[in-house]
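Visitor: Structure incoming, see below.
What follows is calculated from the coordinates using simple rules that are stated; it is not laboratory data. Keep in mind it's a predicted model, so treat the numbers as computed, not measured. Every residue, glycine as well, gets a Cβ built from its backbone with ideal geometry; the counts of neighbours run over all protein chains shown.
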Amino acid sequence: MFHEAAEAGRSLIFTFAPEASVAPDFSDRAGQAVEAAGGEIIFVRLTLSHDEQERRIGNHDRVAFGKLRSVDPLRELRHQFTASEAAMPPVPSPSIPEPSNQLLRAASLQIGSI
């Protein structure tokens, strides 16, 4: 998908969360596929405070995507998320500064009102 999008000159936004099912070399392979087709890859790392994550976890829009919706399992899984992220090789420095929780909330409100 990455190679084909770059070859067609099509912009692509792809997100993933580092966790056990994601191969540690994923970001390297994705970047190589894009660059081999003459494209450019821009990494953006989004993070969220635990407080903000817990505030959002019960949002109804998460149902449509089968996402976790309860704080207790989230708290139990956090150590696994941290371990998986630590196992991933560092991605290149983001080309775009990391937005704050406030900026992300404002952007989601704007998108939601469209």
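Visitor: Calculate, in nm to one decimal, what residue 20 and residue 86 gain on full extension: separation in residues at 0.36 nm each, minus their alpha carbon distance. Walk me through the numbers on the way to the answer.
Guide: On the way: separation 66, 0.36 × 66 = 23.76 nm, distance 1.07 nm.
Full extension from residue 20 to residue 86 adds 22.7 nm.
Visitor: Continuing with the same structure: So if each residue of separation counts as 0.36 nm, and I subtract the Cα-Cα distance between residue 61 and residue 28, what length gain in nm does that give? If you can, show how the numbers build up before the last one.
Guide: Working: separation 33, 0.36 × 33 = 11.88 nm, distance 3.16 nm.
Stretched out fully, the residue 61 to residue 28 stretch lengthens by 8.7 nm.
Visitor: Separate question: Taking θ as phi - 60°, what are the ³J(HN,Hα) couplings along the stretch 11-20 by the Karplus curve (6.51, -1.76, 1.60), each to the nearest whole Hz, with x for Gly and Pro?
Guide: Going residue by residue, I get 5, 9, 10, 10, 10, 7, 10, x, 8, 4 Hz, with x marking Gly and Pro.
Visitor: Within 10 Å of each candidate Cβ there may be at most 14 other Cβ atoms; applying that plus a DSSP loop requirement, which GluC sites (Glu not before Pro) in the stretch 9-47 survive?
Guide: Details: sites: 19, 35, 40; in loops: 19, 40.
For GluC sites (Glu not before Pro) across the stretch 9-47 that sit outside H, G, I, E and B with at most 14 neighbouring Cβ atoms in 10 Å, the list reads 19, 40.
Visitor: Here is a further query. Modelling each spin label as a point 7 Å along the Cα-to-Cβ direction, I'd like the residue 51/residue 12 distance in nm, to one decimal.
Guide: 3.8 nm
Visitor: Run the simple label-point estimate for residue 42 and residue 71 please: 7 Å along Cα→C-beta, distance reported in nm.
Guide: Result for the modelled spin labels: 3.6 nm.
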